[in-house]
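The values are calculated or read from the model by the stated rules, or taken from the named source; none is laboratory data. For clarity, every value in this text was computed on a predicted model and none was experimentally measured. We place every Cβ from the backbone using ideal geometry, glycine too, and count neighbours over all the protein chains shown. Heads up: the accessible areas ignore ligands, DNA and RNA and are worked out on the full protein's heavy atoms, side chains in. Shrake-Rupley method; radii C 1.70, N 1.55, O 1.52, S 1.80 Å.
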Amino acid sequence: MNKIHVAAAAVLAAGLAAGAAEARIVEIKVAKIEPLAGGAPFGAAGAYERVTGTALGELDPFDPRNAGIVNIDKARSNANGKVGYEVEFFMLRPADTARGNRKILFEATNRGRKFLFNWLMDAPPASTGTLDAVKEAKDAGNGLFLKQGYTILWTGWDPDAPRTNGGMVIKVPAATVDGAPLIRTIRDELVSGTRGPQVQAFKLSYEAAVLDKTLSSLTVRRHEGDKPMAVPAEGWAFADARAIKLMPEGAKPEPGAIYDLRYPAKNPWVLGIGFAATRDLVSFLRREEKDQAGAANPAGPGIQAALAVGISQSGRYLRDFIGQGFNRDEGNRRVFDGVLSHIAGVGRVFLNAEFGQPARTNTQHEDHFYPENAFPFASARTVDPVTGKSGMLLRGDRFDPKLIETNTSTEYWQKGASLLHTDPMGQKDLLLPPNTRVYLIAGTQHGGHFGSGTAPGPCANPRNPHSAGAPLRALIVALDKWVTANEPPPPSLAPRIADGTLVGPAATGFPAVPGAAIARAVNEIAPYGDWVAPRADKARAYRPLVAKVDADGNETSGIRTPDIAVPLGTYTGWNLYKEPFAAGALCDRDGSFLAFARTKAEREAKGDPRRSLEERYGTHANYALGVEAAAHELVRARLLLAEDAALYVAAAKARDPFKQ
């Protein structure tokens, strides 16, 4: 057991202070308050402070609002009969509360990391994860949400999230059986080199209960659909209780190959407490003056609203938070008034489960048979063709937030995003509830953010550098107005079956670009039974669809930023693996950028069917005028802020595509 969980056990053993019958935050411990960026001012909101600390909470395992937390009945309770936890928080608040807007902007952390500055405020990539890099105002990027006066909040919710680069965690108890360790045989899927550097040893999700290899088994396969081949006992070993390695010593895993380890594991955390901790801490910061010991609420008085944003894993976290009913607090009050979930597709997180593994993310090649894409998918009520049951993501009560879901092209290919706005079999468009919006940010890959490049990595094509940051900023501004002024955001903007812009993967009309690896199939979503021993039932698969493209291969629907509306190439949300990886499979969550030829002669020499820059724009000035027109149209539609439109226009005038 690592030091985080030892500390958590100590907190629980000591017991938390007595409280009322309902679950609550018991104590706020502020560890440090210091100026952000040396006290530099951020517009009318002025200077900001960094506040770091922890919150101690306790849950009544018999309260019906906590009954859905898996294994809470198996967690050790304190002297009050409550289950305790300790959650880290990080807050940026106006130094002068009177200059703030008295709203909380909560970003759910992604594997412990903070994405808001880099992904939504165009800060340098160094600011991702830790805000220690924010030494000057320029390090905060455009500082938009600071200038608007938000109190910005991050918390931990996963006890096993990486601690590197300021990663945030929560301390929760492990489930036991009459005080003894709970042991089950589970499955860990292990892959090297696809989502990070290649590794020598594989980290396990849980501690192995025994290191006797006769009770465990390891298989390997190159592609997800290949037959698993047993790795002989002499071909692998436990490096320790939380890692395995291949043998003989020094052997390296095959790049991109899927290794499946089944082993007896022990001490599953009661992970669903993460949802309750988010619920209770945000509710406390919104509404309470002080904790039980008299310590002041670090958000200060008078918070009027709370918005939440989640990106990728944390977007799925927020979808699951809503779907499992945690947006209703213990006092029967709404927690988040508005939520923006970005690049979550139809996914949730493998969190509120025994031996959950929330870091998993389902794609065509890996993590394919882990719980993530579970019915109901959409915010509108639909019928599941597999079970015959009906359901919807929202609860249909006064605790539902106003919900904006944004996705890129990648999520249509890898994450079933079309099922957010069609029936599960992709036969008809849905009429979404009035408190929800769905947007496709066209021509963008899953990880499209400020500073993205084109280096292919394990993919066959250059990656897609297009950033989703500008439209996301406009939509968060719109979400705020929706919540606080009841001003609806722009109508949903996504491909539709009815107008022919939402089609099967074989009907996109993608051009035959010379030398490009082209995707032909989406990631299938089908029931598979037990995640430890999955068996896909493809006969009952759901039917995700994708966006139709134009003659250039660019998507014709959704939010088309100036980079897509006035393109310099083809921008896709898919890419394919190259050798020595699983060649031909969708390359994780990456897209492609396929540049146009500069001249007609160059295009014809390559046999490229797409018009060259020369043919489509003629001059640099014409290109810049096209960008300006596209930017102004998006501002008119409230899908781009005026300041971002000005940046697009300035960049187009400064960059001569005919000379680069």
How many residues of the range 163-184 are surrounded by fewer than 16 Cβ atoms within 10 Å (Cβ to Cβ) and either outside any strand (DSSP E or B) or of a type in the set (F, W, Y) (or both)? The answer is 5
Of (1) open to solvent by less than 10 Å² (accessible area, probe 1.4 Å); (2) aliphatic (A, V, I, L, M); (3) closer than 27 Å to K415 by Cα; (4) assigned to a loop (DSSP other than H, G, I, E, B), A597 satisfies every one except (3)
Under 8 Å by Cβ, and 6 or more places apart or on different chains, what pairs join a residue from the range 513-539 that is under 26 Å from Y263 (Cβ atoms) with one that is among the hydrophobic types (A, V, I, L, M, F, W, C) and not in a loop (DSSP other than H, G, I, E, B)? V532/I186
Can you find, within the range 24-69, the residue that is surrounded by the fewest Cβ atoms within 10 Å (Cβ to Cβ) among those that are of a type in the set (F, W, Y) and under 29 Å from the mean Cα position of the chain (by Cα)? F42
Here is a list of conditions, (1) crowded, with 22+ Cβ neighbours inside 10 Å; (2) more than 18 Å from the chain's Cα centre (by Cα); (3) not hydroxyl-bearing (S, T, Y), and N332 meets all of them except one; can you say which number that is? (1)
Say whether the condition of being touching a helix residue (DSSP H, G or I) at 6+ places or on another chain (Cβ under 6 Å), farther than 22 Å from N554 by Cβ and in a loop (DSSP other than H, G, I, E, B) is met by at least one residue in the range 425-437. no
Strands (runs of 3 or more DSSP E) wholly inside the range 198-317 that include at least 3 residues being closer than 30 Å to I33 by Cα: 305-311
Give just the number: which of (1) under 18 Å from the mean Cα position of the chain (by Cα); (2) more than 30 Å from G196 (Cβ to Cβ); (3) surrounded by fewer than 24 Cβ atoms within 10 Å (Cβ to Cβ) does D367 not satisfy? (2)
Out of T484, T454, sole residue that is hydroxyl-bearing (S, T, Y), modelled with pLDDT of 95 or more and outside any loop (DSSP other than H, G, I, E, B): T484
List the pairs whose first member sits in the range 133-154 and is among the basic types (K, R), whose second member is in a helix (DSSP H, G or I), and whose Cβ atoms are under 8 Å apart, counting only residues at least 6 apart or on separate chains? K135/A37; K135/G38; K147/G43; K147/A44; K147/A45
Taking interchain pairs and intrachain pairs at least six residues apart, which have beta carbon atoms under 9 angstrom, with the first residue in the range 405-428 and within 15 Å of I525 (Cβ to Cβ) and without any contact (Cβ under 8 Å) to a residue 60 or more places away in the chain and the second surrounded by fewer than 24 Cβ atoms within 10 Å (Cβ to Cβ) and among the polar types (S, T, N, Q)? D423/T382
Within the range 601-629, work out how many residues are within 28 Å of A516 (Cα to Cα) and open to solvent by 20 Å² or more (accessible area, probe 1.4 Å). 17
Of all residues in the range 555-567, which are surrounded by fewer than 23 Cβ atoms within 10 Å (Cβ to Cβ) and of a type in the set (S, T, N, Q)? T556, S557
If we keep only residues of the range 78-110 that are touching a residue at least 60 places away in the same chain (Cβ under 8 Å) and either part of a helix (DSSP H, G or I) or open to solvent by 50 Å² or more (accessible area, probe 1.4 Å) (or both), then the residue nearest to G451 (Cα to Cα) is A95
